[in-house]
Each structure stands twice: as C-alpha cells, then as structure tokens.
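First up is the structure itself, then whatever we jot down about it.
The values are calculated or read from the model by the stated rules, or taken from the named source; none is laboratory data. Because the structure is a prediction, the values reported are computed rather than measured. Because the Cβ atoms are built from the backbone with ideal geometry, glycine has one as well, and the counts that use them run over all protein chains shown.
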Number of protein chains: 2
Amino acid sequence: MTTSTSEQQSLLDARYQDGSAPRVSQWSPILESLLAHHSVRKYLPKALPGGTLELLVAAAQSAATSSNLQTWSVVAIEDPARKAMFAGLCNNQKHVADCPLFLIWLADLGRAACLGQERDAVIDAIDYSDIFLASIVDAALAAQNAVATAESLGLGSVYIGGIRNHIETVAAELKLPPMVTPVFGLCIGYPDPTETASVKPRLPQAAVLHHDVYSWPQQKPAIEAYDKTLKAYFDGQGMQTGGWTKSVISRLRGIEQLTGREGLKASFRKFGFKMK
Amino acid sequence: MTTSTSEQQSLLDARYQDGSAPRVSQWSPILESLLAHHSVRKYLPKALPGGTLELLVAAAQSAATSSNLQTWSVVAIEDPARKAMFAGLCNNQKHVADCPLFLIWLADLGRAACLGQERDAVIDAIDYSDIFLASIVDAALAAQNAVATAESLGLGSVYIGGIRNHIETVAAELKLPPMVTPVFGLCIGYPDPTETASVKPRLPQAAVLHHDVYSWPQQKPAIEAYDKTLKAYFDGQGMQTGGWTKSVISRLRGIEQLTGREGLKASFRKFGFKMK
C-alpha cells in the first residue's frame with residue numbers, strides 16, 4: 001500500500017465526481033484496486049502468463065456458493081477463430097475477438113441434474129425459481145472474484161451481456177447439456193494503454209444506500225445531481241449525452257433495445273429450466 | 001504482501017485439499033485475501049469503525065453494472081431489535097441478530113420504473129426477464145465487492161439466502177416500492193476467534209473449468225474425488241456426512257427443502273416483475 005491519504009481520497013472522489021464521496025477512514029489494497037475499476041474494451045495482443053486462468057478460477061471458486069452447491073461453471077475460449085465467432089454472436093464487439101481470454105460464465109444446474117439422474121434420485125427442488133436464482137447469483141459472485149483478481153494482476157476486463165443476444169446458438173456452440181445456460185461473458189487481457197477509459201462516476205450513495213427502510217424521496221435529489229455529474233463526465237470525453245435519467249429511459253424504451261434477448265425466458269425453458 | 005511462495009501455495013492447496021490446486025505463478029494481496037475466504041457465522045459484539053458501511057458501498061458501486069443502469073440498492077440494518085426481527089424471518093439464524101451490520105441487497109428496477117413514470121415515458125423493456133436477470137447480477141457483483149473489501153479490513157461475512165424464506169414480509173418491512181426485491185442478506189462483523197470455521201474445499205477445477213466446450217465426462221472423476229475430499233473435511237470437523245453428491249441430492253430433494261421459497265416466483269409477480 002503506497003498511496004497517501006490524499007491519494008486514497010482522490011480514488012473515492014473519482015467514483016462519485018460530485019464531492020459526495022465518503023471520507024477515508026480505513027484502507028486496504030483491495031479497496032484501492034476495486035475503486036479504480038473501469039471496463040476495458042481495448043486489449044494488447046499479448047498472451048497471459050501461463051497459469052493465469054487457473055488462478056482466476058481458484059479465486060472464483062473461493063467465493064461463497066449457496067449451500068455449497070457450486071451451481072456454476074465457466075468455459076474458457078482462447079482460440080482466435082472461436083473468439084471471433086463469439087464476437088460475431090455478441091453484436092460484433094471487437095474486444096471479444098481481441099482479448100486473449102474470453103470466459104463464458106454458466107449457471108449450471110446440469111451437474112446436479114446429472115448426479116440425480118445417475119443415482120435415480122428425486123430432486124424436485126431443482127425446478128424452482130429459487131434454485132435458478134441461486135445459480136445465477138453463484139455465477140456472478142464467482143466471476144466478480146475473478147475480475148478483482150485479474151485487475152490485481154495488472155489485467156483489465158469487461159462483462160459481456162451480449163452473450164445473451166443469441167443465447168441458443170452460444171449454448172449449442174458450447175455443447176451445453178440441459179439445465180446449463182450462459183449468463184454473461186467476460187473479456188480478460190492487458191489493457192491497451194492508448195485507450196482513454198477512466199473511472200465512471202456512479203450514483204451518489206443517497207440513491208442506493210438505505211437505512212432501515214427503502215426511501216424513494218431521498219433518491220430524487222441524488223439522481224438529479226447525478227444527471228449533471230454524468231453529463232459532465234461524458235462532455236469531458238467529447239460525448240454528448242442527456243444525463244443518466246434519459247439514458248436509462250432510452251435503454252429500456254422497448255423490445256428493440258433487447259437485441260434478441262426478449263426471447264430469453266423461452267430459451268431458458270428450452271434449456272430445461274422449469275422456473276416454477 | 002508478506003507471504004512466501006510456499007505459504008501462497010498452502011493457501012491454494014487449502015481451497016482444494018486434494019493436491020489438485022494450481023501452482024503459484026503470480027500473486028497479489030487480493031488473490032491472497034479471496035483464497036482465504038470462509039463464511040463467518042459467529043460475531044463479536046463489537047461495533048464497526050465509523051465510515052465502514054460507506055466504504056463497503058463505495059466498493060460495491062465500483063463493480064460493473066449492465067449498461068450503467070445501476071439496478072440494485074442495499075438496505076443497512078443496524079438496530080438490534082430490527083436485526084433480531086430479520087433473524088426470525090431467516091429461519092432464526094442467530095448470526096443475523098448478532099452481527100453489527102446486516103445488509104439486505106435488492107434487485108432494484110423500481111428506480112428506473114419511477115423515473116419512467118415521472119416522465120411519462122414508455123419503458124417496455126423493463127418487463128423482460130433479461131433486464132430482471134441483469135438486475136440480479138448487478139446486485140451480486142456489487143455485494144461481492146463489499147465482501148472482498150470487508151474481509152480485507154479484518155471483517156467476516158456470510159450471505160443469507162434465508163432472506164427469501166419470507167420474502168413478502170421482508171419486502172413489507174423494508175417498505176419496498178414495486179419492482180424492487182430482496183435477493184440475499186449479508187452479515188458483516190468481526191469474527192469471533194473462538195469459531196473454528198476454516199476454508200472449505202471446493203470441486204477440483206476439472207469439474208467447473210471447461211475449455212472451448214462444456215464436458216460432463218471430465219467432471220465425473222473430479223466429483224468422485226471431491227466426494228472423498230469433502231467427507232474428510234467434515235470428518236475433521238467431527239461432522240458425519242456422506243460426501244458432496246449425497247448432500248446435493250439431499251438439498252434438492254423436494255419442495256420442503258425450499259423453506260418457503262417455493263413461492264418465490266409468485267412473490268416476484270406480486271412485486272410487479274412481469275418476467276416476460
């Protein structure tokens with residue numbers, strides 16, 4: 001830990017960019033690294049050191065998992081042609097092809113289903129939404145540990161929700177058995193230093209942190225302030241935007257914003273999730 | 001970073017306990033801290049330093065969020081009577097009452113819904129399963145950053161899926177508006193050093209890490225080995241178990257294992273999630 005208190009405060013301030021950041025009261029290298037997160041969409045054509053993938057997976061497996069069911073898996077894609085193919089399925093996101101390691105995180109109830117089947121055991125609970133939700137949460141907790149570890153090793157990353165645009169094709173390419181589904185992709189690699197990505201400000205804490213009960217009124221001034229903060233941030237990057245509220249509404253306007261994902265529920269059913 | 005390579009290898013080995021751990025090739029304080037994770041279910045009656053909650057939330061907000069929609073919120077419960085009440089709703093898990101800080105993480109599409117309503121805007125995409133899934137993932141990524149930070153500050157934690165046992169009562173207690181739902185709880189506090197919790201072994205990587213395509217055959221020997229590993233682990237803690245496979249099947253046997261959560265989907269619909 002080599003940063004001074006004022007450098008630490010600067011990291012916190014950068015996460016909000018409106019003077020609302022909490023004060024530095026404690027610190028750790030982990031907090032420092034997490035605060036500095038930004039998504040990386042431009043990668044150097046440089047291979048990862050041998051063993052990196054396995055360390056990322058060890059970190060991922062160290063995350064909590066509901067009832068130790070370990071209902072997730074991950075598929076590593078390193079072959080350039082295969083990465084390019086998945087990039088095409090993810091709305092042609094170039095970084096999916098360019099990153100040295102593309103991970104596809106899976107909610108995996110198939111492992112438990114196979115074990116039940118082999119032993120001719122009744123496992124009726126597997127068909128309920130609660131277990132499906134726990135599986136998605138398991139996958140997300142694991143992936144986030146991998147992201148934190150990657151960044152601590154000097155790597156960058158970006159989550160790829162676009163893996164759900166053509167989820168049935170992706171599942172077929174991965175040869176997924178029943179009750180296994182892709183949840184999101186994740187690019188990992190060395191950030192191209194020419195990329196000018198920076199820490200993006202988030203909503204003031206008043207909008208997301210509640211005490212005792214949820215409050216909408218406390219959020220309203222925080223969101224109004226954030227509309228201005230985010231507009232200033234994008235102005236600084238030469239991008240004209242209308243603030244956060246407009247972008248939220250625009251992103252959620254209609255089915256055409258879902259880029260194919262409006263069929264997600266039907267795909268889940270095809271994969272064998274009953275979601276009772 | 002004060003650990004030697006052999007100490008680092010020991011941390012990796014402890015996560016698998018079967019000799020299958022990857023070799024140390026790189027290292028970081030973050031990897032070290034994440035590998036050492038174990039859930040803490042016994043807390044000292046000791047308050048957190050002032051400002052801890054806000055630092056945890058700053059770390060949480062630094063996690064990636066789909067399309068910057070920030071579709072999560074968190075409610076902090078610190079009042080002893082209120083913690084005890086939530087403990088009662090979570091199958092009387094004593095640690096929920098005893099920890100100094102109980103966090104309830106929310107998938108929050110209500111913020112976007114309110115913004116749309118106030119502006120009389122059409123936001124039809126909000127009713128689709130893809131956006132609901134993204135909201136759950138958002139909440140999980142955020143919470144895992146908070147967990148990593150808490151542990152780096154000497155605190156312990158445990159996720160509480162039991163918050164979904166009586167999810168409608170919890171939602172009412174939190175005064176949640178439409179399109180906001182609890183996803184999981186999280187206890188945070190100082191671990192009681194008399195608790196003998198230790199790192200729990202996970203499945204060998206061969207069971208969860210796939211290359212190019214998903215493979216069930218590669219998992220089978222890994223799972224058989226893990227049945228023995230986990231049995232030995234619990235034997236060491238004086239607990240008789242039949243191995244992992246049996247525990248998975250037992251956990252998923254029937255609706256009675258869901259402790260009330262079999263109604264989760266109906267509750268989500270009551271909360272206003274259409275899950276199209």
Take the residues in region A:15-52 that are of a type in the set (D, E, K, R) and within 8 Å of another protein chain (Cβ to nearest Cβ); name whichever of them is farthest from A:Tyr233 (Cα to Cα).
A:Arg23
Pick from region B:1-22 the residues that are outside any helix (DSSP H, G or I) and farther than 23 Å from A:Gln70 by Cα: which of them is modelled with the lowest pLDDT?
B:Met1
Give region B:23-52 a look and list any residue that's in contact with a Leu (Cβ under 9 Å, 6 or more places away or on another chain) and in a helix (DSSP H, G or I), or say none.
B:Ile30, B:Leu31, B:Glu32, B:Leu35, B:Thr52
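I'd like the full set of residues that are under 19 Å from B:Ala150 (Cα atoms) and buried (at least 20 other Cβ atoms within 10 Å of the Cβ), limited to region B:15-40.
B:Ser28, B:Ile30, B:Leu31, B:Glu32, B:Ser33, B:Leu34, B:Leu35, B:His37, B:Val40, listed by residue number.
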Kindly list the number of the only condition in (1) at the interface with another protein chain (Cβ under 7 Å from one of its Cβ atoms); (2) surrounded by fewer than 20 Cβ atoms within 10 Å (Cβ to Cβ); (3) more than 27 Å from B:Ser135 (Cα to Cα) that fails for B:Leu12.
(2)
Region B:58-80 - residue that is touching a Gly at 6+ places or on another chain (Cβ under 9 Å) and in a helix (DSSP H, G or I) and, of those, nearest to B:Glu168 (Cα to Cα)
B:Ser66
Looking for something of a type in the set (Gly, Ala, Ser) and in a loop (DSSP other than H, G, I, E, B) - is there at least one such residue anywhere in region B:81-90?
no
Just give me the residues in region B:230-250 being more than 23 Å from the chain's Cα centre (by Cα) and buried (at least 17 other Cβ atoms within 10 Å of the Cβ), in sequence order.
B:Lys231
Verdict on B:Ala113 being surrounded by fewer than 21 Cβ atoms within 10 Å (Cβ to Cβ), among the small types (Gly, Ala, Ser) and more than 7 Å from chain A (Cβ to nearest Cβ)
yes
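Can you pull out the residues in region B:67-107 that are within 8 Å of chain A (Cβ to nearest Cβ) and either among the basic types (Lys, Arg) or within 18 Å of the chain's Cα centre (by Cα) (or both)? Give the steps one after another, and end with the answer.
Pass one, region B:67-107, residues within 8 Å of chain A (Cβ to nearest Cβ): B:67-70, B:72-79, B:82, B:106.
Selection gives B:Trp72, B:Ser73, B:Val74, B:Val75, B:Ala76, B:Ile77, B:Arg82, B:Leu106.
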Quick one: would you say A:Leu55 is hydrophobic (A, V, I, L, M, F, W, C), in a helix (DSSP H, G or I) and at the interface with another protein chain (Cβ under 7 Å from one of its Cβ atoms)?
yes
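Can you give me the ranges of the helices (runs of 4 or more DSSP H) entirely in region B:121-218 with at least 2 residues that are β-branched (Val, Ile, Thr)?
B:129-152, B:167-173
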Output for region B:251-267, where each listed residue is more than 7 Å from chain A (Cβ to nearest Cβ), part of a helix (DSSP H, G or I) and surrounded by 14 or more Cβ atoms within 10 Å (Cβ to Cβ):
B:Gly263, B:Ser267
Got a sec? Which of A:Leu176, A:Leu153 is out of contact with any strand residue (DSSP E or B) (no Cβ under 6 Å at 6 or more places or on another chain), crowded, with 23+ Cβ neighbours inside 10 Å and touching a residue at least 60 places away in the same chain (Cβ under 8 Å)?
A:Leu176
Looking at A:Tyr233, A:Tyr226, can you tell me which residue is part of a helix (DSSP H, G or I), within 11 Å of chain B (Cβ to nearest Cβ), touching a Leu at 6+ places or on another chain (Cβ under 9 Å) and in contact (Cβ under 8 Å) with a residue 24 or more places away in the chain?
A:Tyr226
B:Ala143 fails exactly one of (1) touching a helix residue (DSSP H, G or I) at 6+ places or on another chain (Cβ under 6 Å); (2) more than 7 Å from chain A (Cβ to nearest Cβ), namely (1)
